[in-house]
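The values are calculated or read from the model by the stated rules, or taken from the named source; none is laboratory data. Worth saying up front: this structure is predicted, and the values here are computed from it rather than measured. Here the Cβ is made from the backbone with ideal geometry for all residues, glycine too, and neighbour counts use every protein chain on show.
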Amino acid sequence: MTKKFLGFDYDFAVGKVGEGLVEKLLTGGKKVEVKTDLQWKDTNNLYIERTCFQNSTGMYAPSGIWATEADYWAFVLQTSIHIFPTKVVLSACEKYGTSKDGGDKTNRTEGWLITVEEILQEVKLQPNAAPPGLEPGT
């Protein structure tokens, strides 16, 4: 029998770990990259940038998810906020994302289109991405 079925005391302890994570996210204990996507409600896609064109070199350079130092990415979608470990977002993009050029004539980017559902699918496949204390079976 796994510990996830041990009752109130276990649920309470797991809840406290989750509360601690949210507190760290909200008070500066973890780095969070925040993206607000206004087109999501019409397209069902998020755009995850990975490179941007550098006019000075004439080449694309890592940016967005390939350059971030954030532990987590938060997506503000209308009235909700979805927060995922950066490594889960990157893995989901590499598995499920559709390559897409973005930006405009003066700020060209390359990235992926991906759905929230695809990121959630990757969450299910990466139990080791859980914060300490929230791993399955702990």
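General observations
- Qualifying positions in the range 79-99 - out of contact with any helix residue (DSSP H, G or I) (no Cβ under 9 Å at 6 or more places or on another chain) and assigned to a strand (DSSP E or B): Ser80, Ile81, Thr98, Ser99
- When each of Glu94, Glu118 is tested for being modelled with pLDDT of 95 or more, surrounded by 14 or more Cβ atoms within 10 Å (Cβ to Cβ) and among the charged types (D, E, K, R), the lone residue that passes is Glu118.
- The residues of the range 1-50 that are of a type in the set (Val, Ile, Thr), at pLDDT below 75 and either surrounded by fewer than 11 Cβ atoms within 10 Å (Cβ to Cβ) or in contact with a Gly (Cβ under 7 Å, 6 or more places away or on another chain) (or both), listed by number, are Thr2, Thr27.
- Filter result (over 23 Å from Lys105 (Cα atoms) and either polar (S, T, N, Q) or surrounded by 15 or more Cβ atoms within 10 Å (Cβ to Cβ) (or both)) within the range 51-69: Thr68
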